[in-house]
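I have placed the structure first, in the form of structure tokens, so that the comments after it can refer back to it.
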Amino acid sequence: MVRKKRIEPLEVHEVVGNLEIKEGEIVALVGGGGKSTLLSAIGELHGQGTVLTTTTKMGSDQKGEANLLIRPSKKELTVALGETSPVLIWDRIDGEKAFGVDPLLPKSWLPEATRVIVEADGARRHPAKAPAPHEPVLPQGVTTIIAVIGADAINRVIEDQCHRPLRVAAVVECSPYERLTPERASVLLLNPNGSKKGLEPGMRFVIAITKVSSENQNLVDRLVEELQSFDSEVEIHLVLSHNEG
């Protein structure tokens, strides 16, 4: 077997550039820790004409540099899309929580918007998760699913580091008190009851491993090898920890 070339971790702005998200796309971010960071970085890269949103919940402090709109009219959205900043759309804000939009809405923003990026899953700040029956809340017309996992989940006890640990354990077939080894993490990411839930033929599937550092690089390399052994064509991007680089 030919050994795959090692994937180098990059700064988040370099990773989102390498994703090459095209005009007219609806992208859904699912999985664990790092989705909101990727959402903001994609908005910063593409700027004018880009809509950011969620179909679940976000922290109301996660606005970033985007132009925030709450339940905008078509006219309000059109005006905002003409400005240089990306547009962030929420349904409402209640204290520290921002509530997402109906999954039918993002498609209606095209073609006025050049691309729509949707945080379609929640992990309550855990680096890894498995979806509940109602998750992820994929928007209609999604073209790309980006499955996110934090490197700080690898080889850690599932119960301690994962959202919905019993579901994670069921997907990877072990106890929630065992560790999410690189082998188990690869199963979680590629399983149709894990990060591939809702993926349909024709959709692009991408894995983003976030918070990669010098301390966990060996574990990340093992995870990448496991993923490539299951699927030699799987698209993987590694995002450096904020404390690295």
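The values are calculated or read from the model by the stated rules, or taken from the named source; none is laboratory data. Everything numeric here is computed off the predicted structure, so don't read it as measured data. For neighbour counting, all protein chains shown are included, and Cβ atoms are generated from backbone atoms with ideal geometry for every residue, glycine included.
Here are some notes:
- Residues that are farther than 30 Å from GLN140 by Cβ and aliphatic (A, V, I, L, M), drawn from region 186-233: VAL212, LEU219, VAL220, LEU223, VAL224
- Within region 59-93, the set of residues being of a type in the set (Gly, Ala, Ser), closer than 24 Å to PRO136 by Cβ and part of a loop (DSSP other than H, G, I, E, B) comprises SER60, GLY64, ALA66.
- Once region 104-134 is narrowed to residues that are of a type in the set (Asp, Glu) and in contact with a strand residue (DSSP E or B) (Cβ under 8 Å, 6 or more places away or on another chain), the residue that is nearest to ALA170 (Cα to Cα) is ASP121.
- Test: residue in region 164-173 that is surrounded by fewer than 22 Cβ atoms within 10 Å (Cβ to Cβ) and of a type in the set (Gly, Ala, Ser): yes
- Residues satisfying the stated conditions in region 6-42, i.e. assigned to a loop (DSSP other than H, G, I, E, B), touching a Lys or Arg at 6+ places or on another chain (Cβ under 8 Å) and either of a type in the set (S, T, N, Q) or at positive phi (or both): GLY24, GLY34
- Extreme residue, farthest from ARG184 (Cα to Cα), among residues of region 196-245 that are of a type in the set (S, T, N, Q) and either assigned to a helix (DSSP H, G or I) or without any contact (Cβ under 8 Å) to a residue 40 or more places away in the chain (or both): ASN243
- Long-range neighbours under 6 Å by Cβ, at least six apart or interchain, first residue farther than 15 Å from VAL239 by Cα within region 146-168, second surrounded by fewer than 22 Cβ atoms within 10 Å (Cβ to Cβ) and small (Gly, Ala, Ser): ILE158/ALA169
- ARG71 being at pLDDT 95 or above and surrounded by fewer than 20 Cβ atoms within 10 Å (Cβ to Cβ): yes
- Only one of the numbered conditions (1) surrounded by fewer than 22 Cβ atoms within 10 Å (Cβ to Cβ); (2) in contact (Cβ under 8 Å) with a residue 40 or more places away in the chain; (3) part of a helix (DSSP H, G or I) is violated by VAL137, and that is (3).
- Where a residue in region 27-48 is surrounded by 23 or more Cβ atoms within 10 Å (Cβ to Cβ) and its partner, wherever it lies, is charged (D, E, K, R) and assigned to a helix (DSSP H, G or I), with Cβ under 9 Å and at least six apart: LEU29/LYS35; GLY33/ASP152
- Qualifying residue in region 94-117 (condition: over 21 Å from GLU25 (Cα atoms), in a loop (DSSP other than H, G, I, E, B) and over 14 Å from the mean Cα position of the chain (by Cα)): yes
- Within region 79-88, one or more residues are closer than 23 Å to VAL30 by Cα, free of Cβ contacts under 8 Å to residues at least 40 places away in the same chain and of a type outside the set (Ser, Thr, Tyr).
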